[in-house]
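Trainee: Shown below is the structure under consideration.
What follows is calculated from the coordinates using simple rules that are stated; it is not laboratory data. In this text the structure is predicted, and so the values were computed from the model without any measurement. Don't worry about glycine lacking a Cβ; one is built from the backbone with ideal geometry, like all the others, and counts go over all protein chains shown.
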Amino acid sequence: MGKILNFGSLNIDMVYSMPHFVQPGETIAANKMELFPGGKGLNQSVALSKTGAEVYHGGKIGSDGMWLLDILKNSGVNCDFVSADGSATGTAVIQVSPSGENCIIINHGSNYEITKEEIDRALGNFGEGDMLLLQNEINLLPYLIESAHKRGMRIALNPSPVDDELLKMDLSGLDYIILNEIEGEAFTGEKEPEKISAALAAKYPGLKVVLTLGGKGSMYTENGKVIRQGIYKVKAVDTTAAGDSFTGYFLALISAGKSAEEALRSAAKAAALAVSKMGAAASIPTMAEVEAAELEELR
Ligand code: RIB
C-alpha cells in the first residue's frame, strides 16, 4: 500500500446555524455560531486517515491556525509538509439551514501562498506507488500535477470549487477525478451523468471518473465500464464535508487495493454518517463506525 500526499487547503470554519439562509439586504441572527476545523484539504486528509491509510498533508497556515495541525495530527495525519509561516489561515463562513443544507464563502488566506520550493520539498519524498490528492482551494495546481506526474505518482483531483482557471487547465496527468454533476457540466457542457463521464474520458483517455449524484448516489466509470452506488439513509444534520468524506474514503480504499465497488460502498456510508453530525472534519466517521453502520441503501 502506497503513501498518500494530500496537498490542500486548511480552513477555520465559522459555522452559523441559521433559521434560513440570509437573503439579499436581510440581517438575521444566527441560532448559534461554532468554530470548526475545515477546508476541503484538511477534511479529506482526516477522511483518508480514518480508513487507516498512511497520509501526509501538504499546505500552509498562519500562526492563527496551529490548532488545525493538532486536529490533523490527532487523526493520524503526518504534517511535516504543512508550513506555518503564512499570513493568515484560510477561513470559511458557512450557513447551515434547519434541513442541514449549507452555503459557503471561503477566503483563501495562506492556502494561496504555497511556493514551488515547498512543493518540491514535499514531493521529493514520494514516487511510484504513491498517490497525490488535490482539490481546488490552493494555488499552483498545474505545477503540482506536472511535478507529481514526472515522479510517477498516481494523481486524483476533486475539482471543488470549480472556477474558470481550473476549467482551462490541462488535466491530462490525472488518474482519477471525483466531481459532482454541476462540476461535471461545467467541464463538459453535458447534463446527463453518462454523457459527462463519457466526455471526460474522451478528452482524457484512461481517466477514471467518479461522479457524485446527490440523492441518486454515485457513478464510477473506467474504460467504459460503469459501476453505480446508491446513498445510505440518515437524518441530515449538516451536509458539510459529506463530499470530502466520500472522496477520502474512496481514494484511500482504492490506494489500499480494494475494488471500485467496495471503495464506493464505504465512501457512500462514510458520507452518510458525516451528514448525520454537525461540522466538517469533526463529523467524519472512523472505519470501524463505517463498518458497523447498518444503513438502508437507497437507489
Ligand atoms: O467541503 C467543505 C469545506 O469547504 C469546508 O470545511 C470549508 O472550509 C470549505 O473549504
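Trainee: Of the residues that make up region 178-194, is at least one out of contact with any Leu (no Cβ under 7 Å at 6 or more places or on another chain), assigned to a loop (DSSP other than H, G, I, E, B) and crowded, with 23+ Cβ neighbours inside 10 Å?
Mentor: Scanning region 178-194, I find no residue that is out of contact with any Leu (no Cβ under 7 Å at 6 or more places or on another chain), assigned to a loop (DSSP other than H, G, I, E, B) and crowded, with 23+ Cβ neighbours inside 10 Å, so the answer is no.
Trainee: Further, regarding this structure: Condition (residue is in contact with a Lys or Arg (Cβ under 9 Å, 6 or more places away or on another chain) and away from the ligand (no atom under 16 Å from the Cβ)) applied to region 10-26: is it met by at least one residue?
Mentor: no
Trainee: Determine the pairs where a residue that is in contact (Cβ under 8 Å) with a residue 12 or more places away in the chain, located within region 138-167, has a partner that is of a type in the set (Ser, Thr, Tyr) and not in a loop (DSSP other than H, G, I, E, B) with Cβ atoms under 7 Å apart, the partner being 6 or more residues away or on another chain.
Mentor: That search, which allows pairs on different chains as well, returns ILE138/TYR112; ASN139/TYR112; ALA156/TYR176; ASN158/THR247.
Trainee: Quick one: ALA53 ticks every box in (1) assigned to a strand (DSSP E or B); (2) of a type in the set (A, V, I, L, M); (3) away from the ligand (no atom under 13 Å from the Cβ) except a single one, so which number is it?
Mentor: (1)
Trainee: Within region 40-50, can one find any residue that is more than 12 Å from the ligand (Cβ to nearest atom), surrounded by fewer than 24 Cβ atoms within 10 Å (Cβ to Cβ) and hydroxyl-bearing (Ser, Thr, Tyr)?
Mentor: No, that holds for no residue.
Trainee: Condition test on GLY25, is it part of a loop (DSSP other than H, G, I, E, B), free of Cβ contacts under 8 Å to residues at least 60 places away in the same chain and under 16 Å from ILE114 (Cα atoms)?
Mentor: Spelling it out, it is not the case that GLY25 is part of a loop (DSSP other than H, G, I, E, B), free of Cβ contacts under 8 Å to residues at least 60 places away in the same chain and under 16 Å from ILE114 (Cα atoms).
Trainee: Okay, moving on. Please pick out the residue among ALA88, ALA156, ALA92 that is among the small types (Gly, Ala, Ser), within 13 Å of the ligand (Cβ to nearest atom) and out of contact with any Cys (no Cβ under 8 Å at 6 or more places or on another chain).
Mentor: Just a single option satisfies the conditions, and that option is ALA92.
Trainee: Does region 189-202 include one or more residues that are of a type outside the set (Asp, Glu), in contact (Cβ under 8 Å) with a residue 24 or more places away in the chain, within 16 Å of the ligand (Cβ to nearest atom) and in contact with an Asp or Glu (Cβ under 9 Å, 6 or more places away or on another chain)?
Mentor: Within region 189-202 (the criterion being of a type outside the set (Asp, Glu), in contact (Cβ under 8 Å) with a residue 24 or more places away in the chain, within 16 Å of the ligand (Cβ to nearest atom) and in contact with an Asp or Glu (Cβ under 9 Å, 6 or more places away or on another chain)), the answer is no, since none of the residues qualifies.
Trainee: Another question about this same structure. Being crowded, with 19+ Cβ neighbours inside 10 Å and part of a helix (DSSP H, G or I) is the filter here, so list the residues in region 93-117 that pass it.
Mentor: Answer for region 93-117, where residues must be crowded, with 19+ Cβ neighbours inside 10 Å and part of a helix (DSSP H, G or I): GLY109, SER110, ASN111.
Trainee: Considering only region 68-83, I want to know if a residue exists there that is within 15 Å of the ligand (Cβ to nearest atom), within 25 Å of LEU133 (Cβ to Cβ), in contact with a strand residue (DSSP E or B) (Cβ under 6 Å, 6 or more places away or on another chain) and assigned to a strand (DSSP E or B).
Mentor: Checking region 68-83: not a single residue is within 15 Å of the ligand (Cβ to nearest atom), within 25 Å of LEU133 (Cβ to Cβ), in contact with a strand residue (DSSP E or B) (Cβ under 6 Å, 6 or more places away or on another chain) and assigned to a strand (DSSP E or B).
Trainee: Mind checking which residues of region 255-287 are more than 30 Å from LEU35 (Cα to Cα) and without any contact (Cβ under 8 Å) to a residue 40 or more places away in the chain?
Mentor: Selection gives LYS258, SER259, GLU261, GLU262, ALA263, ARG265.
Trainee: LEU166 passes all but one of (1) crowded, with 19+ Cβ neighbours inside 10 Å; (2) closer than 25 Å to ALA280 by Cβ; (3) under 19 Å from the mean Cα position of the chain (by Cα); which number fails?
Mentor: Going through (1) crowded, with 19+ Cβ neighbours inside 10 Å; (2) closer than 25 Å to ALA280 by Cβ; (3) under 19 Å from the mean Cα position of the chain (by Cα) one by one, LEU166 breaks only (1).
Trainee: So, one more: Please determine whether any residue of region 179-187 is within 21 Å of LEU141 (Cα to Cα), small (Gly, Ala, Ser) and in contact with a helix residue (DSSP H, G or I) (Cβ under 9 Å, 6 or more places away or on another chain).
Mentor: Yes, there is a match, as at least one residue in region 179-187 is within 21 Å of LEU141 (Cα to Cα), small (Gly, Ala, Ser) and in contact with a helix residue (DSSP H, G or I) (Cβ under 9 Å, 6 or more places away or on another chain).
Trainee: Filter region 239-278 down to residues that are over 21 Å from VAL55 (Cβ atoms) and under 16 Å from the mean Cα position of the chain (by Cα) and give me whichever is farthest from the ligand (Cβ to nearest atom).
Mentor: By that ranking, first place goes to ALA272.
Trainee: Looking only at region 31-48, how many residues end up being in contact (Cβ under 8 Å) with a residue 60 or more places away in the chain and assigned to a loop (DSSP other than H, G, I, E, B)?
Mentor: Total satisfying the criteria: 1.
Trainee: Being more than 22 Å from LEU253 (Cα to Cα) and touching a Ser or Thr at 6+ places or on another chain (Cβ under 9 Å): is that true of LYS40 here?
Mentor: Criteria not met by LYS40.
Trainee: Just give me the residues in region 159-171 being away from the ligand (no atom under 16 Å from the Cβ) and part of a loop (DSSP other than H, G, I, E, B), in sequence order.
Mentor: MET169, ASP170, LEU171, listed by residue number.
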